[in-house]
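As structure tokens, the structure follows; a few thoughts come after it.
The values are calculated or read from the model by the stated rules, or taken from the named source; none is laboratory data. Source: prediction; values computed, not measured. With ideal geometry, Cβ positions are generated from the backbone for all residues, glycine too; neighbour counts draw on all protein chains shown. These accessible areas exclude ligands, DNA and RNA; they are computed on the full protein's heavy atoms, side chains included. Shrake-Rupley method; radii C 1.70, N 1.55, O 1.52, S 1.80 Å.
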Amino acid sequence: MKPLGLPNLLCYGVFGLPLAMVALPIYVYLPQFYSERAGLPLALIGAALLAARIAAAFIDPLLGWWIGRGGGAYWRFIALALPLLLTGFLALFHPPAMAAGATLAWFGATLTLVYFGFSLATIAHQSWGAALTHAVSDRARVTGVREACGLAGVLLAAAVTTLAGYDGLSLAFCAALVVGAALLAKAVRPIATATGTDSTTPLLDWRALTAPFAQRRFRALFAVLLVNGVASAIPATLFLFFAADRLRLATLSGLFLILYFCAAALSMPLWIALARRFGEARAWAGSMLGSALVFVWAFGLGPGAALPFGAICILSGIALGADLALPPALLAGVIARDGHGAGREAAYFGVWNWGVQMTLALAAGIALPLLGWLGYVPGQQGGTVALAAAYALLPCGMKLVAAAMLWRAPLRDC
């Protein structure tokens, strides 16, 4: 296999940029977009997001199993995902004028299409990275470059949406997806394995689907993923509402996002260095504690608190760098430690992405209807205390729980 020099790492990692351009609008912009432009109530949006994400979550392990049967031919599955991503994304953010019921159906159908393409591409891309190297010194480099490119995509999406709206975002996404796919096609590829299909392979092997859960290390890491993932997804879901109605700084929301993700991107080398010095698990646990200590102060902010909230965005963005770079590296270590490499990475990443989808489903499906029940209505003054508590206090408590779980997890030998 070719050495993992920076050109190869960039050719592989840059595909994370268009994938992140899908993720940010769906996780941050979509609830407000359909609330304001289509007039859908938060409860209905939350229910639709919950249903679509749960459906996607249960499809992800099947996708991981299917990709794993390809014997390491990850590019083939990414190529299949490209037209689904393009079609679904454009349709999702450009709905035709329809009645509320039809708009809700359009929302659910196009979101499901985007999720399917996104999951297929993401699982194949992550599995590709995990198969490139099992060397401890290189794992964080692979994930760090990929996630740094993803953060660049997040920043691009935030900047373009702020300056050119959703039409500009759609054009930028299409261009980024084409360029990213072209570079990925030139990237170094894992050696094909003999784990593909043959006449004796069952059409659906449930033992292969659930095999990751038989490993103690994976179970511990997966539990941390769920708790920490919900803690991170709740503020992402509520960010635009918090900036607009609690801080009354809607015009600065794009700038706050840029500060947050810029800090995360710049912190990536720091977390890679800390992971080498203290281990990936300890470094990640430290970032969770730091995030909670910083983010809890957002609860006390009121209208016009631009500078304090900007500082919180920068400091919590630094902690985000660890959330992005270290968990996939830890997962690659778990796979290698349990002897399940050689083309079987996709089964793990399929289950892993199932967990990610579940955290997003729970965050949207619980937080949005709960806020509606507590009297919060977007664009009005009521219910902002409940909004601030859901945005800041609940995630911080969950971060502390996740840090304690990670500290006790059997992951320091990975």
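Remarks
- Note on the stretch 35-45: residues that are open to solvent by less than 60 Å² (accessible area, probe 1.4 Å) and either within 15 Å of Ala109 (Cα to Cα) or modelled with pLDDT of 80 or more (or both) total 3.
- Residue match in the stretch 178-188 (condition: of a type in the set (Val, Ile, Thr), open to solvent by less than 30 Å² (accessible area, probe 1.4 Å) and touching a Gly at 6+ places or on another chain (Cβ under 6 Å)): no
- Residue in the stretch 90-108 that is part of a helix (DSSP H, G or I), touching a Ser or Thr at 6+ places or on another chain (Cβ under 7 Å), closer than 27 Å to Ala51 by Cβ and open to solvent by less than 10 Å² (accessible area, probe 1.4 Å) present: yes
- Hey, Val136 more than 17 Å from the chain's Cα centre (by Cα), modelled with pLDDT of 90 or more and of a type outside the set (Ser, Thr, Tyr) or not: no
- Residues of the stretch 4-15 that turn out to be open to solvent by 10 Å² or more (accessible area, probe 1.4 Å) and at pLDDT 85 or above, as a count: 3
- Residues of the stretch 224-261 that are modelled with pLDDT under 90 and under 22 Å from Val142 (Cβ atoms): Phe261 alone.
- Criterion: open to solvent by 30 Å² or more (accessible area, probe 1.4 Å), farther than 27 Å from Gly165 by Cβ and of a type in the set (A, V, I, L, M) - qualifying residue of Leu259, Leu293, Leu301: Leu293
- Every listed requirement among (1) touching a His at 6+ places or on another chain (Cβ under 8 Å); (2) within 25 Å of Leu17 (Cα to Cα); (3) among the hydrophobic types (A, V, I, L, M, F, W, C) is met by Ile318 save one, (1).
- Hey, Ile59 open to solvent by 40 Å² or more (accessible area, probe 1.4 Å), at pLDDT 80 or above, among the β-branched types (Val, Ile, Thr) and farther than 17 Å from Asp245 by Cβ or not: yes
- Scope the stretch 348-407; condition closer than 26 Å to Val22 by Cα, of a type in the set (Val, Ile, Thr) and either modelled with pLDDT under 85 or more than 20 Å from the chain's Cα centre (by Cα) (or both); matching residues: Val351, Val356, Ile366
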